[in-house]
Every structure is written in structure tokens, then in C-alpha cells.
Amino acid sequence: MIMKQPLLGKKIVELRNQKGLTQDELVQKCNITVRTIQRIESGETTPRNYTIKVILNALGYNYEKIFENEYVGGKFDKILRFSPNNFKQVFKVSFVAGIIYFLFGFVETAYFVKPLFDSSSETNWSDFLKGHDFETSSSFMTHSLIKITSIILFAFFMRGFVLLGSYYKNFTVELMAFLMIITNIIFELSEIGSVNHEGSLAYFILISKALTFGSIMIFFGMGILRLKLHLGNLSKGTGLLEIITGIFFATVFLFPFGLILLIPLELLEVLLLYKAVSKID
């Protein structure tokens, strides 16, 4: 589906100005009348595809990009409140949320790991993995608040990737990012609910989380690789690291190494969103 008027006319004006051409000079390059150019640029008429191709060739612009730039809508636009008018805002919010989520991860890790190194605490590695004794080392309220904050930040962070997939017609990225939001909500709330329950439940949640996120991340990485055409080598590096991290998660026993890889991975994801902001008109 080709770009509609008046967007098409505005795009041609933009390209002509970038080339430093007047309407008369453009006419000489593509052999059509000045009046035709004026009507197209003002949005009065929608030209035939052949005419558009001639004009764009004269301006040194790829004809196929006229089709790429029109947003046709994604599967989750209504749920996540996307519209062509707020794309840049969504990416900016997701970029900021990604930075905060990255930094908050260190705070969250320090908070939950601290009891292991506290000589006055009876918590050991086995208890830590089982989720026991959280109430003796920290308040349940604080524990819940940290988890809920993490849910909100991650949701806004991944929201940008849902839009990224939708904007570039990459359904894999769009769907996997949305599944990450839903999956993260389910597992974080499950972890809150599993406090002080039997260790087997906590182990089950941990293993299920690793397997589920690992599987989603592998497909998510494959989708990001396909964004190289639009976002360059940054998407290639991010996609490859996403796949490797996902494999580590999915194997479960390599899960700790996957957690380490999350540090550079999240930084690359943040940079990818920053690049997306600069690409949106």
C-alpha cells in the first residue's frame, strides 16, 4: 500500500528541498509539467505509481521506501495505545524506562543477595534459591514493592520493542516483546506469592521462568536480526547476543551465565531504542 496524500506530497517537498531543487529544476529532471508537481506536492492529486517512480528516481530516492514508511497498524496498538502521533514519545519513554530498569536491576540484585553475605542472617544459598526466610531478612512489603516496580519498568521498556516490530512490520519482534511483558508479569507476581512457601514451588517457578524466557528470547533475537536493514549492525549484535543469552536461559544449568550476559544485552537494547528514536520522522 503506497503512501497516501498529503503525506506523499510532503515527502516529495522534503526530498526536493534536501536536493536544493526548485520545482522548475525537478520538472526538467523528470519531464512532467510544473502544474503536476504543484498539485502532487500540495496534496491535491494522487499520481500514478509510474509518475511517483519517475519523480523519486529524479530525486535519488528509493521508490520501495514509499511503501515502507506508511504505518499500517500492529496487533497490539489498541492495548498499548500506539498511534502515528505518539511513536516518538513511546520510543523516548521506553528508552528512559530501559535505562532506569537497567540501573534498578543492580539495586534489586543487591537487595535480595545482601542476606547471603550478612553474618547475622541465617539465610544460605539453598534458602535463597528456595525463596525462604524473606520476611526475616526484609519486609514482605518492600519485597513486593521492588517486584512491582520491576514489572512496571520492564513493561514500559518492552513496549518500545512491540512498537519497533509493528513499525517495521516485523511480527516476530512485536509478538515476542509483548509475550515478554505478559510472561514477566506472571512470573514476578508468582515470586511474590511464593514467599515462605515450600522450596519446591520456588524451584519450579525459577526453572519455568528460565525455560520460558529463554525460548522467547531466542525467537526475539531472530526477529531483531531482521531489523539490520533498518537499524544497521547494532541490531545484528543485539540479536546475536539475545539468542545466545536465550540459549543459556533455556538450558537452565547455564542460567547464571545468562544473567551475566543480561548486563551488556540490556545496554544494547537501550541503544537500539535510542537509534529507533532518531529514525522516526
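The values are calculated or read from the model by the stated rules, or taken from the named source; none is laboratory data. Keep in mind that this is a model prediction, so the values were computed, not measured. Neighbour counts run over all protein chains shown; Cβ positions are idealised from the backbone, glycine included.
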Exercise for the section: Go through region 74-109 and give me each residue that's aromatic (Phe, Trp, Tyr) and over 21 Å from Gly165 (Cα atoms). Expected result: Phe102, Phe104, Phe106
Handout entry: Test for Leu231: is it under 21 Å from Lys88 (Cα atoms) and in contact with a Leu (Cβ under 8 Å, 6 or more places away or on another chain)
Key = yes
Problem - Among (1) closer than 21 Å to Ala276 by Cα; (2) modelled with pLDDT of 95 or more; (3) crowded, with 19+ Cβ neighbours inside 10 Å - the single one Met222 does not satisfy - result: (3)
Handout entry: Filter result for Leu229 (surrounded by fewer than 19 Cβ atoms within 10 Å (Cβ to Cβ) and under 23 Å from Phe257 (Cα atoms))
Key = no
Practice task
Write out, first by first residue and then by second, each pair whose Cβ atoms fall under 9 Å of each other, whose residues are 6+ apart or on separate chains, and whose first residue, in region 24-42, is at positive phi and in contact (Cβ under 8 Å) with a residue 24 or more places away in the chain while the second is part of a helix (DSSP H, G or I) and exposed (fewer than 12 other Cβ atoms within 10 Å of the Cβ).
Solution key: none
Problem - Test: residue in region 192-199 that is aliphatic (A, V, I, L, M) and not in a helix (DSSP H, G or I) - result: yes
Handout entry: Residues of region 35-85 that turn out to be modelled with pLDDT of 80 or more, of a type in the set (Phe, Trp, Tyr) and part of a loop (DSSP other than H, G, I, E, B), as a count
Key = 2
Problem - Single match in Leu189, Leu206 (criterion: among the aliphatic types (A, V, I, L, M), in a helix (DSSP H, G or I) and surrounded by 15 or more Cβ atoms within 10 Å (Cβ to Cβ)) - result: Leu206
Handout entry: Sole exception among (1) part of a helix (DSSP H, G or I); (2) free of Cβ contacts under 8 Å to residues at least 60 places away in the same chain for Phe253, by number
Key = (1)
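To keep it simple, each residue is scored yes or no on (1) within 19 Å of Leu259 (Cα to Cα); (2) in contact with a helix residue (DSSP H, G or I) (Cβ under 6 Å, 6 or more places away or on another chain).
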| position | (1), (2) |
| --- | --- |
| Phe156 | no, yes |
| Tyr167 | no, no |
| Phe178 | no, yes |
| Ser190 | no, yes |
| Gly193 | no, no |
| Tyr203 | yes, no |
| Ser208 | yes, no |
| Met217 | yes, yes |
| Leu225 | no, yes |
Exercise for the section: Tell me, yes or no, whether region 86-104 has at least one residue that is in a loop (DSSP other than H, G, I, E, B), under 28 Å from the mean Cα position of the chain (by Cα) and at pLDDT below 90. Expected result: yes
